[in-house]
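Read the structure below first, then the notes.
The values are calculated or read from the model by the stated rules, or taken from the named source; none is laboratory data. All figures in this text were calculated on a predicted structure; none of them were measured in a lab. Here Cβ is always computed from backbone atoms with ideal geometry, including for glycine, and neighbour counts include all displayed protein chains. SASA here: full protein model, heavy atoms, side chains in, ligands and nucleic acids out. Shrake-Rupley method; radii C 1.70, N 1.55, O 1.52, S 1.80 Å.
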Amino acid sequence: MDVAVLFAVFIAGLFIGIPVTITLGLSSMAYLLLSDIPLVVMPQKIYAGIDVFVLLSIPGFILAGNLMNNGGITERIIRFANALVGWVRGGLGLTNIGASMLFGGITGTAVADAASIGGVMIPGMKKAGYPADFSAAVTAASSTVGPIIPPSVPMIIVGALSGISVGKMFLAGAVPGILMGLGMMATCYVVSVRKNFPKQPWQGVGEIGRAFGGAFWALAMTGIILYGLLSGIATPTETAIVASVYAFIVGAFVYRELPLRLVPKIITDSAVSAAAILALVGFANVFGWILVSERIPQAIADGVLSITDNPILVILMINILLLFIGMFMETIAALIILFVPLLSLATAVGVDPLHFATFAVLNLMIGLTTPPVGVCLFVCAGIAKLPLTPVVRAIFPFLLSNLIVLLMVSYIPALATWLPNQILP
């Protein structure tokens, strides 16, 4: 009965549009009130959920991304991507995807990518003659690459939940992220040729050199982050702080586009964003603890294994579940609630934990572009001043491309595990 109330309150909260953080808290509170468990457990479990050292890196990476975004990074990365691929048919769409691949490696969050790149590229694509729905769709789809290519906030969450090295998690996302980007570029090109979208004139090798020179300091930030983690000279938290200091210096004194008067507001906004994520982590930890105490994860694992213990079918079932959950639930909440029980199920049939973590995050990133709760869809549709329906129709080919990559990563473990095992054995 208590568990039924837990799920009833949770589903009702999501259905009527209550933010998922509050919904998790309300449903957990309802469960505790009906049970014999003292309410003091709730703040204890909230604190235990956020009392993880690696989570301190999240505010640092968010701050670094915001500093770079306000310091001229978006325009320089778009210029560099445009110099590389803008001359191809549908070049601005390809530029959009390429910029997301480069920009996502700095912010680590899909929504930041969708808002920043979309704010520049969607109006620019519409002005150049691209349909508004296509412009919004390609921006929303490509924004999901950000949390796959390192650094990645969801990967940090997974590392905190599972004990897997954050450095390995970052590296595990590199190849799948590149595959996602290339797959969407191919899709964009095919659609552009079929619909005769415009292209820009070739600007020459000199423009590529100038654009790369302008974007160099921005792109170097990803190298600094990875070097700090892979060399072992810094923890993820220390690397995030170094990245923030670097972003401030580059934005304020190299690019000279970061006004010092904006820095306090940027810090405040970053703190609010980080606090929202950590609050979600805390409440989701309470919810997850209740599920574990009620042996729900074991029931799920036993139920699946009673049907089949074939790894191919189990992976397929996990993918279907995560894709469905991703349509309705925020990524970090879904990870905290489902990751550990599904990891137990995956390892029970011989799936490598690093491999599972990679395709689990990839699943939930795709959920950011699927209705009814695809946050990136709403962001890009808002920028394009369109209702959601035409954007959903236009994004379908890109969803198909991402699902193909998901299946590749799910059934070819080396795509996720080879690089981290080579560099961090």
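Points worth noting:
- Single match in 213, 177, 183 (criterion: over 21 Å from residue 396 (Cα atoms) and among the small types (Gly, Ala, Ser)): 213
- For the stretch 37-52, filtering for residues that are at pLDDT 80 or above, under 26 Å from the mean Cα position of the chain (by Cα) and of a type in the set (A, V, I, L, M) leaves 3.
- For the criterion of being under 16 Å from residue 71 (Cα atoms), at pLDDT 85 or above and touching a Phe, Trp or Tyr at 6+ places or on another chain (Cβ under 6 Å), residue 263 fails.
- Some residue of the stretch 390-406 being at negative phi, touching a residue at least 24 places away in the same chain (Cβ under 8 Å) and of a type in the set (S, T, N, Q): yes
- Options 63, 55, 34, 24: the member that is open to solvent by less than 80 Å² (accessible area, probe 1.4 Å), more than 18 Å from the chain's Cα centre (by Cα) and in contact (Cβ under 8 Å) with a residue 24 or more places away in the chain: 24
- Applying a threshold of 7 Å to beta carbon distances and a minimum spacing of six or more residues, or different chains, the list of pairs starting in the stretch 145-166 at a residue that is free of Cβ contacts under 8 Å to residues at least 12 places away in the same chain and ending at one that is open to solvent by less than 10 Å² (accessible area, probe 1.4 Å) and of a type in the set (Phe, Trp, Tyr) is empty.
- Checking the stated criteria, residue 389 turns out to be open to solvent by 10 Å² or more (accessible area, probe 1.4 Å) and either at pLDDT below 90 or farther than 18 Å from residue 181 by Cβ (or both).
- Among the residues of the stretch 225-251, those identified as without any contact (Cβ under 8 Å) to a residue 60 or more places away in the chain, over 15 Å from residue 67 (Cα atoms) and in contact with a helix residue (DSSP H, G or I) (Cβ under 9 Å, 6 or more places away or on another chain) are 227, 228, 232, 233, 234, 238.
- Test result for residue 346, more than 19 Å from the chain's Cα centre (by Cα), part of a helix (DSSP H, G or I) and of a type outside the set (S, T, N, Q): yes
- Within the stretch 402-416, the residues that satisfy the criterion of being surrounded by fewer than 21 Cβ atoms within 10 Å (Cβ to Cβ) and not hydrophobic (A, V, I, L, M, F, W, C) are 411, 413.
- A count restricted to the stretch 119-138 and to residues that are under 18 Å from residue 187 (Cβ atoms) and at pLDDT below 80 stands at 1.
- Where a residue in the stretch 303-314 is over 22 Å from residue 408 (Cα atoms) and its partner, wherever it lies, is at pLDDT 85 or above, with Cβ under 7 Å and at least six apart: 304/314; 304/317; 304/345; 305/348
- Check on residue 414, modelled with pLDDT of 85 or more, over 17 Å from residue 115 (Cα atoms) and of a type in the set (A, V, I, L, M): yes
- Residue match in the stretch 373-389 (condition: within 15 Å of the chain's Cα centre (by Cα), part of a loop (DSSP other than H, G, I, E, B), in contact (Cβ under 8 Å) with a residue 12 or more places away in the chain and more than 28 Å from residue 289 (Cα to Cα)): no
- Filter pass, residue 215 being in contact with a Lys or Arg (Cβ under 7 Å, 6 or more places away or on another chain), open to solvent by less than 50 Å² (accessible area, probe 1.4 Å) and of a type in the set (A, V, I, L, M): yes
- Selection of the stretch 184-209 for residues being among the aromatic types (Phe, Trp, Tyr) and not in a loop (DSSP other than H, G, I, E, B) yields only 189.
- Those residues of the stretch 151-174 which are farther than 23 Å from residue 338 by Cβ and either surrounded by fewer than 23 Cβ atoms within 10 Å (Cβ to Cβ) or not hydrophobic (A, V, I, L, M, F, W, C) (or both), in sequence order: 167, 174
- Selection over the stretch 70-83 of residues that are without any contact (Cβ under 8 Å) to a residue 60 or more places away in the chain and open to solvent by 50 Å² or more (accessible area, probe 1.4 Å) gives a count of 1.
- Lone qualifier among 347, 308, 331, 370 - being at pLDDT below 85, among the β-branched types (Val, Ile, Thr) and over 30 Å from residue 93 (Cβ atoms): 308
- Residue 212 being part of a helix (DSSP H, G or I), more than 26 Å from residue 262 (Cβ to Cβ), touching a Leu at 6+ places or on another chain (Cβ under 9 Å) and in contact (Cβ under 8 Å) with a residue 12 or more places away in the chain: yes
- Test: residue in the stretch 177-195 that is out of contact with any helix residue (DSSP H, G or I) (no Cβ under 6 Å at 6 or more places or on another chain), aliphatic (A, V, I, L, M) and under 22 Å from residue 424 (Cα atoms): yes
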